[in-house]
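What follows is one structure encoded as structure tokens, with my remarks underneath.
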Amino acid sequence: MPRPPRDNIAGAVYHITARGNNFESIFSDDADRYVYLQILATTLRRFSIRLYAYVLMTNHVHLLLETLQPNISVTIHQLHGTYAKYVNRRHGRWGHLFGQRFFSKIITDDDHLLSLRPGPPIHSPAEFLALLGERPGSSGSRSRPS
């Protein structure tokens, strides 16, 4: 039976998760995490996506994103395809890095949003930009709405 099509809705806030193939690591070290964040920043700018929070675990990621256009599928495809090619080159491996397709859930109410909070620290967009050496509002980043 074919899987149902993914909801691609402009203006939606999504909780995105993606796991390593067979629950294996997708990040070997901080260098991998840094490259993922660089690719994430580039991809978010390219597809006009707002990042509200992220968590990078050893074998999976969580992203809280808002789409300005109905393009969540192409955005995550670009992000994870580019990152998987990097990992395969750097670590001399081949094949799938991510298992199955990514999970996406549209955040429809505050209760769902608040349920995402328990666990490891969720990083804010300001922390994300600081990690990449950018300041909010600088030419290398988009300033966040208040």
Checklist entry - Just for strands (runs of 3 or more DSSP E) wholly inside segment 1-79: which have at least 2 residues that are over 24 Å from D110 (Cβ atoms) and more than 9 Å from the chain's Cα centre (by Cα)? => result 13-20
Checklist entry - Could you give every pair whose Cβ atoms fall below 7 Å, whose first residue belongs to segment 81-100 and is touching a residue at least 60 places away in the same chain (Cβ under 8 Å), and whose second residue is small (G, A, S), counting only separations of at least 6 or pairs across chains? => result H91/S28; L97/G20; L97/A84; F98/A18; F98/G20; F98/A84; G99/G20
Item to check | Filter pass, I39 being among the hydrophobic types (A, V, I, L, M, F, W, C) and touching a strand residue (DSSP E or B) at 6+ places or on another chain (Cβ under 9 Å) | outcome: no
Checklist entry - Just a yes or no: is a residue in segment 94-104 on the phi > 0 side of the Ramachandran plot, out of contact with any strand residue (DSSP E or B) (no Cβ under 6 Å at 6 or more places or on another chain) and of a type in the set (S, T, N, Q)? => result yes
Item to check | Test: A53 is touching a Leu at 6+ places or on another chain (Cβ under 9 Å), modelled with pLDDT of 95 or more and surrounded by 14 or more Cβ atoms within 10 Å (Cβ to Cβ) | outcome: no
Checklist entry - Is segment 5-27 home to any residue that is on the phi < 0 side of the Ramachandran plot and without any contact (Cβ under 8 Å) to a residue 12 or more places away in the chain? => result yes
Checklist entry - What pairs can you find where one residue is in segment 40-56 and of a type in the set (S, T, N, Q), the other is surrounded by fewer than 19 Cβ atoms within 10 Å (Cβ to Cβ) and in a helix (DSSP H, G or I), and their Cβ atoms are less than 8 Å apart, with a gap of 6+ or different chains? => result T43/Q78; T43/T82
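The values are calculated or read from the model by the stated rules, or taken from the named source; none is laboratory data. Note that the structure is predicted; figures quoted are calculated from it, not measured. Positions of Cβ are backbone-derived with ideal geometry, glycine not excepted, and every protein chain shown enters the neighbour counts.
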